[in-house]
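Notes follow the structure.
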Amino acid sequence: MSCHFRKKTLFCFETFLIFGAILVFQSGCGPYSFSSSGASHLKTVAVPIFQDQTSEFGIKEKLTDEVIDQFTRDNTLRLTDRRNADSLIEGRIVKVDDQAGAFTRDESVRDIKVFITVNIKYEDLKKRKIIWEEEITEWGTFNPDEESRETGIDEAIAKIATEVLNRSVSGW
């Protein structure tokens, strides 16, 4: 009888372990939310033209277009106008600065870095709260002997747009 009792106890224990393992496994495979920040109710985003407090011509249009392109390619949030949007990206270019990046042996400039600083705000329009707000500075380089300054500006803009997208949909 004691042998039968031990077998039954072992069977119960093994069954308990198996069901416990199944429960643990299934709890990791339960419902999945795309937003770790609790922003799963956000389906659309509006990106009005960025403001520009610099004297640079055309940068605000390029940056706005690049941010829109990033969201379009990513497709996590659908682009719409401000009236119909769940969320809003607003930005203001506050500084564009050129600095010598590297020099040749004869001390002439080999490349120039263009730094662009932008204040960005991402707002949940449904809950009327700011999700994130930050000053972002990125840079691009160009060789003044071979390329135009626009090359560096375009590189910096692409980095900023990628950063805006990543911060806005991180955790999705």
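The values are calculated or read from the model by the stated rules, or taken from the named source; none is laboratory data. The structure displayed is predicted, hence computed values, not measured ones. Don't worry about glycine lacking a Cβ; one is built from the backbone with ideal geometry, like all the others, and counts go over all protein chains shown.
Pairing residues of region 71-99 that are touching a residue at least 24 places away in the same chain (Cβ under 8 Å) with residues that are assigned to a strand (DSSP E or B) and exposed (fewer than 13 other Cβ atoms within 10 Å of the Cβ), at Cβ distances under 8 Å and at least 6 apart in sequence or on separate chains, gives V94/E135.
Rundown of residues vs (1) at pLDDT 95 or above; (2) assigned to a strand (DSSP E or B); (3) more than 12 Å from the chain's Cα centre (by Cα); (4) crowded, with 18+ Cβ neighbours inside 10 Å, yes/no style:
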site: T72; (1), (2), (3), (4): yes, no, yes, no
site: A102; (1), (2), (3), (4): no, yes, yes, no
site: R105; (1), (2), (3), (4): no, no, yes, no
site: E135; (1), (2), (3), (4): yes, yes, yes, no
site: P144; (1), (2), (3), (4): no, no, yes, no
site: I153; (1), (2), (3), (4): yes, no, yes, yes
site: R167; (1), (2), (3), (4): yes, no, no, no
site: G171; (1), (2), (3), (4): no, no, no, no
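With respect to I160, is the statement that it is assigned to a strand (DSSP E or B), in contact with a Ser or Thr (Cβ under 9 Å, 6 or more places away or on another chain), modelled with pLDDT of 95 or more and buried (at least 17 other Cβ atoms within 10 Å of the Cβ) true? Criteria not met by I160. Within region 114-128, can one find any residue that is over 20 Å from the mean Cα position of the chain (by Cα), more than 19 Å from I49 (Cα to Cα) and in a strand (DSSP E or B)? Yes; the residues of region 114-128 include at least one that is over 20 Å from the mean Cα position of the chain (by Cα), more than 19 Å from I49 (Cα to Cα) and in a strand (DSSP E or B).
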